[in-house]
Amino acid sequence: MPMLPLRVPVFGDNAFHRSMAASMLGSPLDALVVPPVAVLATEEEVRRAFSDQQLQTYFQPKFNLLTGDVCSVEALARWHHPFKGVLPPSVFLPVIEQCGWMDDLLFFQLDQGLRLQRQALNQGFSLNVAFNLQAAQLANAELAGRIKTMLCVHELPGSGLTFELTETGLIEAPSTSLENLVRLRMMGCDLSIDDFGAGFSSLQRLCQLPFNEIKLDAEFVRGLKQEPRCRAVISSTLALGQALGMTVVIEGIETEEERQVLLQLGCTQGQGYLCARPMMAADLLNWLELQSMAALS
């Protein structure tokens, strides 16, 4: 089946609000996720979470802020603890990093994301799925090859994937990392520089590496009302993205007021709780059906 863009044929603010209303009618979002806690899980607990398949992948949509169209979804890790409920990454991700299990998590999520893509295609939806990737993982010379193998197993194209990398660690990226980035782009994958502005950016490095998307850190949206400089940073990043031919996605949109300001500044793509919270694959597929029905009503 050819990959067709997921479009909701509606326009304007009313269209956006109908799209958001449909999202509220969907399956449960991640409201059960408990707030981050100070105490990290132990290595043995996280090892057991892997072996008992307690780690699950949630998916949060990215939206066209004007129309409500779904641009893609981002894969996020959650821990379904048997006694503590649904735990956020802050509880277990530092342990996974310390133990060198990030690739295990990545390929577990990649498998679930590709399964979701296949199910969505069977229902008539085309989904680009984004995965978080650490700069250190790019040093693995086998990374791009393993991703290509998984795409072949699922019989899906690389153009359906986006890999989001934080700018931290990219400043001094070794040649192996650059080779992996180039190979991913040659496979058709999109590359996004995540949390842009949260670390020490290197604009020269941004030009040298084959990124085609910028995700601006949510901190700038939170400061829109109180800090004029946040508005200036957002405007400048949008202009930078346009000059470089890169898509700009704004993270952390939680209010209608923020959406309206971002639209005035020229932003067209965003992500945040105003649009949709992360949800599991089955819930996302049900939610997409509701979105489609709402657009036709």
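The values are calculated or read from the model by the stated rules, or taken from the named source; none is laboratory data. These figures come from a predicted structure and were not determined experimentally. Using ideal geometry, Cβ is built from the backbone for each residue, glycine included, and neighbour counts are taken over all protein chains shown.
Checked against (1) surrounded by 14 or more Cβ atoms within 10 Å (Cβ to Cβ); (2) under 30 Å from Arg78 (Cβ atoms), Val233 passes all but condition (2).
Among the candidates Gly145, Gly160, Gly188, which residue alone is of a type in the set (Gly, Ala, Ser), at pLDDT 95 or above and surrounded by 14 or more Cβ atoms within 10 Å (Cβ to Cβ)?
Details: Gly145 fails: surrounded by 14 or more Cβ atoms within 10 Å (Cβ to Cβ); Gly188 fails: surrounded by 14 or more Cβ atoms within 10 Å (Cβ to Cβ).
Answer to the selection: Gly160.
Is it the case that Val46 is farther than 17 Å from Met280 by Cα, buried (at least 16 other Cβ atoms within 10 Å of the Cβ) and either at pLDDT 50 or above or over 20 Å from the mean Cα position of the chain (by Cα) (or both)? Yes; evaluated as a whole, the condition is true for this residue.
Give segment 64-83 a look and list any residue that's assigned to a loop (DSSP other than H, G, I, E, B) and either polar (S, T, N, Q) or modelled with pLDDT of 95 or more (or both), or say none.
Here is the first cut: in segment 64-83, the residues assigned to a loop (DSSP other than H, G, I, E, B) are 65-69, 82-83.
Result: Thr67, single match.
Filtering segment 209-224 to residues that are surrounded by 16 or more Cβ atoms within 10 Å (Cβ to Cβ) and over 17 Å from Leu265 (Cα atoms) leaves Leu209, Phe211, Asn212, Glu213. Which of the residues spanning segment 105-151 are polar (S, T, N, Q), more than 14 Å from the chain's Cα centre (by Cα), farther than 21 Å from Asn286 by Cα and not in a helix (DSSP H, G or I)? Of everything in segment 105-151, just one residue is polar (S, T, N, Q), more than 14 Å from the chain's Cα centre (by Cα), farther than 21 Å from Asn286 by Cα and not in a helix (DSSP H, G or I), namely Asn140. Flag set for Asn132, criterion: of a type outside the set (Lys, Arg) and either within 21 Å of Ala41 (Cβ to Cβ) or at pLDDT below 95 (or both). The residues of segment 84-99 that are among the charged types (D, E, K, R) and part of a helix (DSSP H, G or I) amount to a single one, Glu97.
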